[in-house]
1. What are the residues in segment A:4-32 that are crowded, with 18+ Cβ neighbours inside 10 Å and among the aliphatic types (A, V, I, L, M), if any?
2. Give the number of residues within segment A:422-448 that are at pLDDT below 70 and either part of a helix (DSSP H, G or I) or farther than 19 Å from A:Val541 by Cα (or both).
3. Against the condition farther than 30 Å from A:Ile255 by Cβ, in contact (Cβ under 8 Å) with a residue 40 or more places away in the chain and of a type in the set (Gly, Ala, Ser), how does A:Ala302 come out, does it pass?
4. Looking at A:Asp380, A:Asp363, A:Asp371, can you tell me which residue is acidic (Asp, Glu), more than 24 Å from A:Gly258 (Cα to Cα) and over 30 Å from the mean Cα position of the chain (by Cα)?
5. Out of segment A:359-374, which residues are farther than 19 Å from A:Glu306 by Cα and of a type in the set (A, V, I, L, M, F, W, C)?
6. Any idea which residue in segment A:617-664 is nearest to the other protein chains (Cβ to nearest Cβ), counting only those that are free of Cβ contacts under 8 Å to residues at least 40 places away in the same chain and within 18 Å of A:Val40 (Cβ to Cβ)?
7. Suppose we filter segment A:678-703 for residues that are more than 16 Å from A:Ser52 (Cβ to Cβ) and touching a residue at least 40 places away in the same chain (Cβ under 8 Å); how many remain?
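The values are calculated or read from the model by the stated rules, or taken from the named source; none is laboratory data. Computed from a predicted model, the values in this text were never measured in an experiment. Don't worry about glycine lacking a Cβ; one is built from the backbone with ideal geometry, like all the others, and counts go over all protein chains shown.
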Amino acid sequence: MSSLDTMRVSAQIAFRNLGAHRLKTFIVGGIIFFGAFLVVLGNSLVDSIDNSMSRSVIGSVAGNIQVYNATSKDKLAVMGGMTMGDPDLAQIDDFAKLRASLLKVPHVKSVVPMGISGALVTSGNTIDVALERLRGLENKMLERDHKSPEELQKLRAQIAAQKDHVRQIIVVLQGDMKNMKNIVEDAAVNKEDVEVIQKSASDAFWADFDKDPLNSLEYLENHLAPLAVDADLLFIRYVGTDLGSFSKSFDRMKIVDGTTVPPGKRGFLFSKFIYEDQLKLKAARRLDKIKEAKEMRGETIAKSEELTRFVRENTQQVREVLLQLDALKTATFRAKLQKELALPPDAKADLGVLLATFFATDDANFQQRYDFFYRELAPDLELYRVRIGDVLTIKAFTKSGYVQSVNVPVYGTFQFEGLEKSALAGGLNLMDLVSFRELYGFMSDEKLAEIKALRASAHTKEVSRENAEAELFGAGAEEPAPTPEPAAPVKSAKAPRHIVADATPGVNAEMPDISSPLAAKLRRDEAKSRVFPPDEVERGVVLNAAVLLDDPTQMKATMSAIENQGKADGLELKAISWQESAGLIGNFINLARGVLMVAIIIIFTVALVIINNALVMATLERVREIGTLRAIGAQKRFILSMLVVEAVVIGLLFGGLGAAAGAVLVKVIAAVGIPAKSDVQFFFFSGPRLRPDLNLIAVVAAFIIVIVVATISSFYPAWLAMRVTPRQAMQEEE
Amino acid sequence: MKAIVSVKDAVKNYTLGKVVVPALRGVTLDVNQGDFISIAGPSGSGKTTLLNLIGCVDTPTSGTVEVAGKNTSQLSERGLTDLRLHTIGFIFQSFNLVSVLTVFQNVELPLLLQKSIGAQERRTRVLALLEKVGLRDHAQHRPSELSGGQRQRVAIARALVTRPQLVLADEPTANLDSVTGQNILDLMRELNRTEGTTFIFSTHDQKVMSYANAVLKLEDGKFLGRESVQNGGAAPARTGAPA
């Protein structure tokens, strides 16, 4: 009780001293305040980002754990994103076996097969799109026997309108050609191109068109389409997976447009982000971006260089819109724009100029123009280069370097909820596993059978790629043994190379009667209709697999359990955490944590030095007081406790205030939310706003740190104080 | 009479750099219980050094100092502190109150350090002493709100609150005007009579010496002798009201 009273006195003296030296108290207190504030706020924010990001990463593609072949040359990176090349992974031959093995491990909830790669996709230029549509209509016309007269009439009208559009495009191209002749010398103009345009534009060509529409289309596709240079070569990254189990296991995935790919079918799902960002009509996309910047980030066209650039590009690149318009639509657009821009009606006015004027928006009229565009113009435009239902031709380099091409129908678009705007996670598209395997250079059962049949008919002998020269030119006596019949799926991890070497470039290309229009039509339909037996998806090759756990806290234990189980089942598996598989992104949070930690260490080091200094000053000022206390019977430890209490009181008081302020701010931020202003932030916040949770551990940590720092910083001054002798109480200052 | 302080051949040398400065050159004297004694001598005569030895804030270089029967040279740092806490009260020339504490808290402080006295008892004692020094109404004031004389009275109360056998006062009136100084000496004298507390105070003021019932004269660190004061301890004619 009485030692409590002694504490009370030393605390009282400490408090009074704090009050008596306000400036010192505020400086020291301020630093501690800020330190505690930062500990609470910083940790809460970093933890919240960590949480939301881990939810993003785990819930979108990575899963809790990624498993791949331990003999792989490179490390798996699901969300690499930063490097262009894909990691060199060895395959896992039989997914069914892998899954069976993994499901034996405790806490494993589900296993999703995967393969991640990238490919070039030609988005198809405007002429391609227009010709494709015309082809569709003509195909319907070929089946005219089954149609009623009304349907036929409607179809004819559609065909006529579509032809008109194609001819309108040719007019635009003719204009381009004329402009080009003005700028460059005649020699630089490709004569063939001129001829193609002249022929395509000629009435004679169109008069003959209906005689053999499909062949005429073929001519336009092969010769005219390449002249319209607005086609984009897109590099897209995709995950080949079992889409059914993917959408079941990854709760973040939501279909936005269209449907998911039916089981057993080839199919492609675009990431909504990519679909918007890469495939949308560029003018529309820029309008969207300006709107988003204005609304989400409060930017203005006047002040933002980027937005100004968007407006400029929109005014300069109206051709993309022009190419989409047939004569009728051109007239409609002209009239609408003249009305909107309050110009006198003039049927001869250049629509390009009108569009440029329309797109030259400023902050005042942007919203109106934006609304007008989507209300009046967009319905007549093809907003996306690839429509849901189109067949996408994906060309990819197989593992060994061959170009492989596969046709997959686009079933729809999807997004990972919370990551809609993030290029980092939203950059992955989804594809069925069978198409993926083909693109990656693995044979499907179907294809192997086909090759076998071809080979049988041509009487060729199986030659491995490595031995091709020897085989062909008969060099070397030690002729390697021919590889076994490739009809069965590859079983050995070391075998893929010679199978890949056998790869023929795509189902389509090797069809002998490629030139026939009927074959082209068939190959389009075939891609959509072909159904794979489910066990082909199951049994085949995968590159990696995502493992989802029922208890994420068991990740580390489960990782080693997986590797051990794999060994027991004859699989050499490497299990990595989602942080590792997310590559740089996964490490970012550790970086942020490191930076925060360094900041905290610096602040508290400064606090330590300053508190120490302030207490030393205070001690020197109070030598007489301390001497007096010693003279009247205070033991050294009383002096010690007095100083420590003083430091701890400052620490607790201001540390408490700082922690409280930090906690309040966290709560306020949680209520308001920090808006994500960029794709990267969107990813880290796992949504449009970050709503941090208060980290109670951080509050406790703040207190502990503050007390420890305060105590340590009072050691030296306390030592000085304890050396004060009672005699010093009697010395006069003068 | 029993000697509460017994000094035998006390020598005290201070070392300043490499020079040894002798402050006391062998002093022998006794102070009895109930004495009201003045140590007199010019500056540098060793008054303060002697007081420090008696007050257990210092130990002699040679010779012995016994306070309340204990040889201070044989006590540890903690033992000396305990002896000061329980046996000795200090009154300083500059009062040396803890500026951030109230009058009440200043007086209570030694009792708190003793740790054995309950809150109720502390309060009773502190208030009784403040009553006695005439500052009952100033209990909640801060030292900075008091005059010099009032502060010294607070210091006296603080020195007496533990009921020490011995009170040491180093030039207690040096920072006070003469009237106030006289009042302080009157108060000390009265407490000496009523409580039986032994007082030893240093001074170089003749007038102050006249209050003592004996004067111990020092010069150049040597004890010149003990002079009993005529009319020993009787206060000279009092002038003015308490400061």
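1. Residues satisfying the conditions are A:Val9, A:Ile13, A:Ala14, A:Leu18, A:Val28, A:Ile31, A:Ile32.
2. At the first step, the residues of segment A:422-448 found to be at pLDDT below 70 are A:422-426, A:443-448.
Going one step further and asking which of them are either part of a helix (DSSP H, G or I) or farther than 19 Å from A:Val541 by Cα (or both), we end up with A:422-426, A:445-448.
Qualifying residue count, segment A:422-448: 9.
3. On the way: farther than 30 Å from A:Ile255 by Cβ: yes; in contact (Cβ under 8 Å) with a residue 40 or more places away in the chain: yes; of a type in the set (Gly, Ala, Ser): yes.
Yes.
4. Working: A:Asp380 fails: more than 24 Å from A:Gly258 (Cα to Cα); A:Asp371 fails: over 30 Å from the mean Cα position of the chain (by Cα).
After ruling out the rest, the residue left standing is A:Asp363.
5. Narrowing segment A:359-374 to residues farther than 19 Å from A:Glu306 by Cα: A:368, A:371-374.
Hits for segment A:359-374 are A:Phe372, A:Phe373.
6. A:Ala660
7. Of the residues in segment A:678-703, the ones more than 16 Å from A:Ser52 (Cβ to Cβ) are A:696-703.
From the residues that got through so far, the ones that are touching a residue at least 40 places away in the same chain (Cβ under 8 Å) too are A:697-699, A:701-703.
The qualifying residues number 6.
One line per residue, one yes/no per condition, for (1) assigned to a helix (DSSP H, G or I); (2) touching a residue at least 24 places away in the same chain (Cβ under 8 Å); (3) farther than 30 Å from A:Ile274 by Cα:
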residue: A:Ala160; (1), (2), (3): yes, no, yes
residue: A:Val166; (1), (2), (3): yes, yes, no
residue: A:Ile169; (1), (2), (3): yes, yes, no
residue: A:Gln198; (1), (2), (3): yes, no, yes
residue: A:Leu214; (1), (2), (3): yes, yes, yes
residue: A:Leu220; (1), (2), (3): yes, yes, no
residue: A:Ala225; (1), (2), (3): yes, yes, no
